[in-house]
Each structure stands twice: as structure tokens, then as C-alpha cells.
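> Once you've had a glance at the structure underneath, I'll fire off some questions.
The values are calculated or read from the model by the stated rules, or taken from the named source; none is laboratory data. Values in this document were obtained by computation on a predicted structure and should not be read as measured data. Cβ placement follows ideal geometry from the backbone for every residue including glycine, while neighbour counts extend to all protein chains displayed. All accessible areas refer to the heavy atoms of the entire protein, side chains included, with ligands and DNA or RNA removed. Shrake-Rupley method; radii C 1.70, N 1.55, O 1.52, S 1.80 Å.
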Amino acid sequence: MAQEPIPIKEEVVLREDANTHVRLITLNRPRQLNVISPKVVSLLAESLEQWEKDDNVELVIFKGNGRAYSAGGDLKVFYDGRGSYDACLEVVYRMYWLCYHNHTYKKTQVALVHGFSMGGGASLMVPMKFSVVTEKTIFSMPEASIGFHTDCSFSYILSRLPGSLGEYLALTGTRLNGIELVSVGLATHYVPSEKLPELEKRLIDLNLGEEHAVKSVIEEFSLDVKPDAGSILNKQATIDKCFSKGSLEEIFESFESEAKNEENEWIPAVLKGLKRSAPTGLKITLRSVREGRGQTLPECLKKEFRLTINILRKLISGDLYEGIRALTIDKDNSPMWNPASLEEVTSEKLDLVFQPFKEDLELFIPTAAESRWDGKYENSVYASSNTTLAPNP
């Protein structure tokens, strides 16, 4: 049974003191599939910072209103700011702070994930101590297809999946269901959707954040699951064979060769989607995920921040804006990529978008001894509406 939507209020994020030691966050843009706007980012960061410092708070529960948990970032914000991308700098900086916060949060967090959990929205699911998914949960990272890259810490997360599965998910945007998410370790528990309201109530009534106690409650409702025979997780040998190749061109060649095998009837549709994707987005994403295997979480976040800023400023391509136009503005699904071929996206061009910034322009990641914000953001160059980046920072 699907969850009944909460009556729509003006607040894009509902924050509730659910019990003495429990706080509840509801993403509340159901008509927009709970996409993450600048206001949402600000409210989430503010709430998490406040609750982490509050000794009374032990457990934070996240959920989404309606048929989505969160379908990702609000792409229209980027598109509307395409003439002056500086307007997007602050929200990008805060979003990466939020990603780091969720990975390292000091209180127990539980995500009750029903419906779409995509792109940046999945950064409010996977890093949590407990992420509960249902038969309605749909995960994907489709950014490369529209000229963007796998961001919000997912070059770190996907690069740690078995074999070349991370490359495959990042490049193809393939969707995983709740059972597959638990099976591959991107979620912790599978609970039928009709049991979510009762689970939420039990967690609130528990009024504790002690991990073993929270886990015990969730396990009362969760089921042991395994992927069905047709799951992409059962195609690992083919994925590893193709997506371990040294270059994207070689990946395409190998994947096309495997498509000729009649046992691989699933490949043509995936290959068609790959060929429609932005060549620049694909190449940036492949390099980012592969670099991620040898990088720490802070290093991945700093790298992804640079990539995001350089893509927004159209350093080597304006494909992100063209992808957003084709997908959500004109909705013609006929993007005109520039460059139009993989061969035109040279290693020299990729080097430009991966090049580190000057130190004062890098994403600030606190050390273990430092607090989350401690004025560092407010004092950073990105807190100013007058911030600009030189052509070659």
C-alpha cells in the first residue's frame, strides 16, 4: 500500500520534535518529487547542525512526502542561473557540506525511503547509518546522460561497489529497486511499504538513538531478500568484462560486441541510452569514479565540487544546460551535444575540469577536531554574492 501524502504545506522541509530524543525531517515538495532546492539545502544543513550539537537529540529520521523520497537536485535552479552561474555557487558549496555532514554525522540517522531516490536525493539515503527501502524504491544516478557528473559523494560510494558495477551504474543511469539496493549494500534494510508508518511510530516511541536498539526495531519489520534472476546484479561478469576497459571508446566497443550474444538481450536498450548521453558527461564521470577508488571521502568531495563548478561555468562544454533544456524545459528529448563525439572529448580537455583550484577556492572539509561550520563557510569566498572564479582558477 502506497503512503498517503501529507497535506501540502508551504514549508519545503517539515521539521518536527517527534519525541524527547527523536527529530523527524520530511522533504515536502511532493508535486516536484521532493527535488532539492537551495532552500531545502539550507534548512537541512541548519537542522542537522543544530541537532548534532543538542545533547537531547539522539535519533534523526528522514522521509519524503508523496511518491518520492527525493528525485535529486532542482535542475531548474542551474538552468535559470546559466547566464551568471555565480548565483549557484552558494547552494553548491552548502550541498557538498551537507554530503560530508551525512557521511560523518555523530547522531544516529534513519532514512525511510519510499519512491524515487535519485542523484543528489540519494545522498540523503546511502550515507545514513540505517537506510530502509521498499518495493517502491527506485535508485539511479542519471547525471552523465545530461552532461553532468556523478556527484554528491557518489564517486566515492560507487567506486567501492564490486568489480566495475560502479562505472556501469554511473555511466548508464541504470535503476535499482529496493531489493537490489540492499543486496549490493546501498541500503541496509528492506521493509514492505505498508509497514513503514508502523516502523516510523515504533522508532519514535523508542525515543533512543542507540544503534543496536534502533537496528533491532527495524529488523522486526524487515525481510531477507535477494535479487531475481533478471537483476542487473546477476550480470556482473559481463559488466566487469566491458566496463573495466581502459577508455570509454573501448567500453562501447566491448559492450557492442557482447550485445551480439543472444543471451545478452538486455544490452541493446542500455547501449542505446549510452549513445544518447552527453559524451563530455560520460568521460568526466568515468574518470571521476575511477579516481574515486584511490581517494578518501574528503578528496572525492573536493574533486566533485571542482567538477560541478567547472561544468556550471562551461569550461569545456555547455552540455549540462543543453541537457536540462531537452529534459525539463522544452522536453523535446533531443539534446544537441557539443562536443558531439567521444573522440572530441580529449584527455587535455578533461585535465582542465579536474585541475585543482587555488586553496581559498577549494571546498573546505573540516578536520576531526573542527566543528562542522564554525564560521568557515560564512568566511569563505563562496558566502559572498559577489564571488567569481577567474577563467583558470
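> Of all residues in segment 40-64, how many are basic (K, R) and touching a helix residue (DSSP H, G or I) at 6+ places or on another chain (Cβ under 9 Å)? Outline the logic, then answer.
We begin by selecting, within segment 40-64, every residue basic (K, R); these are 53, 63.
Still in the list and also touching a helix residue (DSSP H, G or I) at 6+ places or on another chain (Cβ under 9 Å): 63.
Residues flagged as basic (K, R) and touching a helix residue (DSSP H, G or I) at 6+ places or on another chain (Cβ under 9 Å) within segment 40-64 amount to 1.
> Please go through segment 86-131 and pick out each residue that is under 16 Å from D151 (Cβ atoms), of a type in the set (S, T, Y) and open to solvent by less than 10 Å² (accessible area, probe 1.4 Å).
Result: Y93, Y96, S117, S123.
> Let me ask another. Filter segment 49-64 down to the residues that are touching a Leu at 6+ places or on another chain (Cβ under 8 Å) and either within 21 Å of A213 (Cβ to Cβ) or surrounded by fewer than 23 Cβ atoms within 10 Å (Cβ to Cβ) (or both) and list them by number. Please lay out each step first, then the result.
First, pick out the residues of segment 49-64 that are touching a Leu at 6+ places or on another chain (Cβ under 8 Å): 58-64.
Within segment 49-64, E58, L59, V60, I61, F62, K63 meet the criteria.
> Looking only at segment 243-257, which residues are hydroxyl-bearing (S, T, Y), open to solvent by 30 Å² or more (accessible area, probe 1.4 Å) and in a helix (DSSP H, G or I)?
Residue satisfying the conditions is S257 alone.
> Same structure again: Given the conditions (1) surrounded by 18 or more Cβ atoms within 10 Å (Cβ to Cβ); (2) over 16 Å from Y100 (Cβ atoms); (3) at pLDDT 95 or above, which single one is not true for L342?
With respect to (1) surrounded by 18 or more Cβ atoms within 10 Å (Cβ to Cβ); (2) over 16 Å from Y100 (Cβ atoms); (3) at pLDDT 95 or above, L342 is out only on (1).
> Among the residues of segment 151-197, what is the count of those that are in a helix (DSSP H, G or I) and among the small types (G, A, S)?
So the first thing to find is which residues in segment 151-197 are in a helix (DSSP H, G or I), and the list is 154-160, 165-172, 178-184, 193-197.
Checking the rest, the ones that are also among the small types (G, A, S) come to 155, 159, 166, 170, 178, 183, 193.
Total satisfying the criteria: 7.
> Among the candidates L169, L206, which residue alone is among the aliphatic types (A, V, I, L, M) and closer than 17 Å to G72 by Cβ?
Numbers: L206 fails: closer than 17 Å to G72 by Cβ.
Step by step, each of L169, L206 is checked, and only L169 is among the aliphatic types (A, V, I, L, M) and closer than 17 Å to G72 by Cβ.
> Which condition number in (1) touching a residue at least 24 places away in the same chain (Cβ under 8 Å); (2) at negative phi; (3) open to solvent by 10 Å² or more (accessible area, probe 1.4 Å) is the one that L169 fails?
(3)
> Would you be able to tell me the number of residues in segment 105-132 that are farther than 30 Å from A326 by Cβ and either acidic (D, E) or free of Cβ contacts under 8 Å to residues at least 60 places away in the same chain (or both)?
From segment 105-132, those farther than 30 Å from A326 by Cβ are 105-112, 127-132; that's our starting set.
If we keep only those that are either acidic (D, E) or free of Cβ contacts under 8 Å to residues at least 60 places away in the same chain (or both) as well, we get 105-106, 109, 111, 127, 131.
Summing the residues that are farther than 30 Å from A326 by Cβ and either acidic (D, E) or free of Cβ contacts under 8 Å to residues at least 60 places away in the same chain (or both) in segment 105-132 gives 6.
> Yes or no: segment 215-237 includes at least one residue that is open to solvent by less than 60 Å² (accessible area, probe 1.4 Å) and within 15 Å of the chain's Cα centre (by Cα).
No.
> Something else: Pick from S131, S145, S84: which is among the hydroxyl-bearing types (S, T, Y) and under 19 Å from L59 (Cβ atoms)? I'd like the intermediate steps shown before the answer.
On the way: S145 fails: under 19 Å from L59 (Cβ atoms); S84 fails: under 19 Å from L59 (Cβ atoms).
Going through S131, S145, S84 in turn, the sole match is S131.
> Looking at A278, A326, can you tell me which residue is modelled with pLDDT of 95 or more, surrounded by 13 or more Cβ atoms within 10 Å (Cβ to Cβ), more than 19 Å from the chain's Cα centre (by Cα) and not polar (S, T, N, Q)? Give the steps one after another, and end with the answer.
Working: A278 fails: more than 19 Å from the chain's Cα centre (by Cα).
The match here is A326.
> Those residues that are among the charged types (D, E, K, R), in contact with a His (Cβ under 9 Å, 6 or more places away or on another chain) and farther than 17 Å from M128 by Cβ, I need them from segment 50-77; list them, please. Before the answer, list the steps.
Restricting attention to segment 50-77, the residues satisfying the condition of being among the charged types (D, E, K, R) are 52-55, 58, 63, 67, 74, 76.
If we keep only those that are in contact with a His (Cβ under 9 Å, 6 or more places away or on another chain) too, we end up with 52, 58, 63, 67.
Result: R67, single match.
> Which condition does F78 not pass, out of (1) touching a residue at least 40 places away in the same chain (Cβ under 8 Å); (2) open to solvent by 10 Å² or more (accessible area, probe 1.4 Å); (3) within 23 Å of K215 (Cα to Cα), if it passes all the others?
The failed condition is (3).
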